[in-house]
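J.: Mind looking over this structure? Questions follow.
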Amino acid sequence: MRIPTWMMDSWNWIDQRTGASATIAPIMDHHVPRNAKWWYVFGSATLMFFILQITTGICLALLYVPSAGEAYQSLIHIDTEVPLGWMIRGIHGWSSNAMVLMMLIHMCQVFLHGTYKFPRELTWIVGVFLLFGTLALAFTGQVLRWDQDSYWGLGIGAAMMGRIPWIGPEVVNLVIGGPIIAGETLSRWFSLHVFVLPGFVILMVGLHIVLILKNGISEMPEPGAVVDKATYREGFEQRMKTSGVPFFPEAAKRDMIFCGLMLLIVIGLAFFVGPFGPLGEPDPTMINTNPKPDFFFLWIFAILALLPPSIETYLILASPVVIVAVLILLPFISNEGERAPSRRPVAVITLVLLVTILAALSQLGVTTPWSPKMDAWTSDTTPRQFVVGRSPTELQGAILFQYMQCRNCHELAGIGGQRGPELDDIATRMTRDQLIRQVQQGGGNMPAFGKNLDSAQTAALAAFLQTLTPDGEHKAVIPAVKGDYPDWN
Ligand code: HEC
């Protein structure tokens with residue numbers, strides 16, 4: 001096939017002014033190891049899905065309304081009225097899962113082959129940032145779906161963050177834009193999802209690629225071929241000159257075949273299975289519902305559902321720090337020596353253990369009921385000693401307490417379920433703000449009641465809960481500042 005002259009002329013015009021071919025040619029021609037075969041396609045596939053996310057994401061951002069009242073409707077609108085809207089949502093959802101999957105496989109390969117060793121330590125560290133950037137994109141995206149799953153996922157997330165010592169409540173306020181999940185929340189998560197995080201990930205992808213070009217693609221590990229800082233770079237360059245193959249078309253060919261195949265699968269899934277959710281507007285009173293996060297968060301979900309509450313807080317706070325530290329420090333812990341899995345039993349065992357544990361937990365996450373079985377079912381009237389001498393607002397709260405069946409999970413005067421803590425003296429433990437947040441958002445395995453209580457009802461319930469103190473003890477209540485929550489005062 002001959003390229004028409006006008007095309008060549010246009011290209012030359014651009015090329016003379018930008019020097020594009022001088023930049024692209026070395027990238028296309030740079031030599032890669034001859035034995036770097038199918039193991040090496042997963043990074044490219046991750047990148048391809050990211051580009052797909054950006055393109056479909058732009059389309060969706062044009063149609064999505066990031067407001068608590070309209071988000072759900074706008075998704076339905078995209079699904080049912082916009083031509084091929086459902087398909088774009090489907091591709092965006094499936095491709096996001098595919099991107100995470102490809103990234104995880106890529107990471108396992110890099111770990112297994114010891115590719116993070118000298119001189120590629122920084123490539124690994126940037127990769128760790130990409131891992132968290134991508135997971136954050138996935139989580140924020142799930143929130144934008146604004147259905148039952150996302151609302152509760154966010155509630156659980158907020159409850160986790162609320163446990164950070166000292167600054168917990170401030171962090172919660174920052175991320176959900178107020179004491180409860182509402183309109184503010186959604187606009188914050190929307191800007192995170194469409195501006196902040198993609199910007200960050202694009203930057204990191206750029207850096208990742210620059211580093212890959214600088215240090216070359218690693219060879220398939222071979223037993224005995226040890227990495228030695230003093231000689232590695234020279235030897236690598238020598239081997240690339242003598243036995244390497246040009247990136248294009250040799251390695252690029254495999255990348256393209258694999259990416260094409262993955263793309264077909266994702267489009268097929270979008271077409272035949274369709275988009276994810278939205279699964280109905282959040283209904284916090286449906287305590288028997290079974291919200292499920294996307295697959296890569298299932299293990300966290302299982303841990304939260306199964307852990308004994310006594311160690312939950314420590315684990316929730318400590319594990320992210322430990323995980324991040326270990327991942328970032330890895331290339332410093334071992335950055336020389338053998339790369340072959342057969343000579344690195346500890347690495348192999350670690351990976352097998354990790355994968356097994358995560359898979360088992362994820363499996364449990366699928367089957368574990370979100371709120372464990374309730375051992376009591378009571379809408380008994382609120383005991384007399386808690387209602388005598390109360391103000392009308394407090395009495396209304398007492399009725400709501402009964403009507404909302406809070407005692408399915410909470411004991412009052414020794415009667416009720418034991419899923420949550422007894423509430424006889426709750427006013428000594430929580431301030432009004434905390435009470436309102438707990439009722440509106442739930443969290444820690446308590447459903448969020450926000451959508452089923454209007455502000456007057458929430459205020460009444462909080463007023464009632466504030467009277468629950470053993471006689472004579474002072475309330476641990478910081479008086480709410482007037483004007484803090486205008487519609488509840
Ligand atoms: C499905 C069970 C369930 C229902 C129904 C439920 N809760 Fe809870 N609640 C819990 C659990 C579990 C916790 C503990 C949360 C944690 O560990 O962070 C909790 C915590 C609380 C707390 C904080 C207690 C403390 O000592 O930290 C308050 C207050 C509370 N619930 C009020 C209510 C009110 C009011 C209602 C009714 C509108 C209600 N709950 C309905 C399960 C439930």
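The values are calculated or read from the model by the stated rules, or taken from the named source; none is laboratory data. Fair warning: this is a prediction, and the values are worked out from it, not measured in the lab. Here the Cβ positions follow ideal geometry from the backbone for every residue, glycine too, while neighbour counts run over all protein chains shown. When the accessible area is computed, the model is the full protein with side chains, heavy atoms only, and any ligands, DNA or RNA have been set aside. Shrake-Rupley method; radii C 1.70, N 1.55, O 1.52, S 1.80 Å.
Condition check ((1) within 19 Å of the chain's Cα centre (by Cα); (2) at pLDDT below 85; (3) part of a loop (DSSP other than H, G, I, E, B)) across all residues:
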position	(1), (2), (3)
Ile316	yes, yes, no
Ala347	no, no, no
Gln363	yes, yes, no
Val366	yes, yes, no
Asp380	no, yes, yes
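J.: What are the residue pairs meeting all of these: first residue in the stretch 420-442, first residue more than 22 Å from Ser150 (Cα to Cα), second residue open to solvent by 40 Å² or more (accessible area, probe 1.4 Å) and modelled with pLDDT of 85 or more, Cβ atoms under 8 Å, and 6 or more apart or on different chains?
T.: So the pair list comes out as Met430/Gln438.
J.: Still on this structure: Would you confirm whether any residue within the stretch 231-251 is assigned by TED's automatic domain parsing to the domain that holds Gln109 and within 33 Å of the chain's Cα centre (by Cα)? Reasoning before the result, please.
T.: Going through the stretch 231-251, the residues assigned by TED's automatic domain parsing to the domain that holds Gln109 turn out to be 231-251.
From what is left, the residues that are within 33 Å of the chain's Cα centre (by Cα) are 251.
Yes - at least one qualifying residue is present in the stretch 231-251.
J.: To continue, here is another question. Hey, could you check the stretch 396-410 for residues that are more than 8 Å from the ligand (Cβ to nearest atom) and at pLDDT 85 or above and say which is surrounded by the fewest Cβ atoms within 10 Å (Cβ to Cβ)?
T.: Filtering the stretch 396-410 for residues that are more than 8 Å from the ligand (Cβ to nearest atom) and at pLDDT 85 or above, the one surrounded by the fewest Cβ atoms within 10 Å (Cβ to Cβ) comes out as Ile399.
J.: May I ask you to say which residue of Pro198, Pro221 is open to solvent by less than 30 Å² (accessible area, probe 1.4 Å) and either in a loop (DSSP other than H, G, I, E, B) or hydroxyl-bearing (Ser, Thr, Tyr) (or both)?
T.: Values: Pro198 fails: either in a loop (DSSP other than H, G, I, E, B) or hydroxyl-bearing (Ser, Thr, Tyr) (or both).
The match here is Pro221.
J.: If you go through the stretch 110-133 one residue at a time, how many are within 21 Å of Ser95 (Cα to Cα) and open to solvent by 10 Å² or more (accessible area, probe 1.4 Å)? Quick ask: steps written out before the conclusion?
T.: Residues of the stretch 110-133 that are within 21 Å of Ser95 (Cα to Cα), as a first pass: 127-133.
Checking the rest, the ones that are also open to solvent by 10 Å² or more (accessible area, probe 1.4 Å) come to 127, 129-132.
Number of matching residues: 5.
J.: Within 17 Å of Gln402 (Cβ to Cβ), modelled with pLDDT under 85 and not basic (Lys, Arg): does that describe Leu461?
T.: no
J.: Something else now. Looking only at the stretch 104-125, how many residues end up being in contact (Cβ under 8 Å) with a residue 60 or more places away in the chain and under 18 Å from the mean Cα position of the chain (by Cα)?
T.: 2
J.: Return only the number of the condition from (1) touching a Lys or Arg at 6+ places or on another chain (Cβ under 6 Å); (2) at pLDDT 80 or above that Gly177 does not satisfy.
T.: With respect to (1) touching a Lys or Arg at 6+ places or on another chain (Cβ under 6 Å); (2) at pLDDT 80 or above, Gly177 is out only on (2).
J.: Considering Met48, Met8, which residue is surrounded by fewer than 19 Cβ atoms within 10 Å (Cβ to Cβ) and among the aliphatic types (A, V, I, L, M)? Give the steps one after another, and end with the answer.
T.: Values: Met48 fails: surrounded by fewer than 19 Cβ atoms within 10 Å (Cβ to Cβ).
That would be Met8, the only listed residue that is surrounded by fewer than 19 Cβ atoms within 10 Å (Cβ to Cβ) and among the aliphatic types (A, V, I, L, M).
J.: Any idea which residue in the stretch 289-305 is modelled with the lowest pLDDT, counting only those that are open to solvent by less than 50 Å² (accessible area, probe 1.4 Å) and assigned to a helix (DSSP H, G or I)?
T.: The selected residue is Ala305.
J.: Kindly establish whether Leu101 is assigned by TED's automatic domain parsing to the domain that holds Pro345, modelled with pLDDT of 90 or more and surrounded by 20 or more Cβ atoms within 10 Å (Cβ to Cβ). First the steps, then the outcome.
T.: Values: assigned by TED's automatic domain parsing to the domain that holds Pro345: yes; modelled with pLDDT of 90 or more: yes; surrounded by 20 or more Cβ atoms within 10 Å (Cβ to Cβ): no.
The answer is no for Leu101.
J.: On the given criteria, is Ala427 more than 10 Å from the ligand (Cβ to nearest atom), at pLDDT 85 or above and not acidic (Asp, Glu)? Explain how you work it out, then say what you get.
T.: On the way: more than 10 Å from the ligand (Cβ to nearest atom): no; at pLDDT 85 or above: yes; not acidic (Asp, Glu): yes.
When the stated conditions are applied, Ala427 does not pass them.
J.: Pairs under 7 Å by beta carbon, first residue within 14 Å of Ser334 (Cβ to Cβ) in the stretch 224-235, partner open to solvent by 60 Å² or more (accessible area, probe 1.4 Å), six or more apart or different chains?
T.: Val227/Glu336; Asp228/Glu336; Lys229/Glu336
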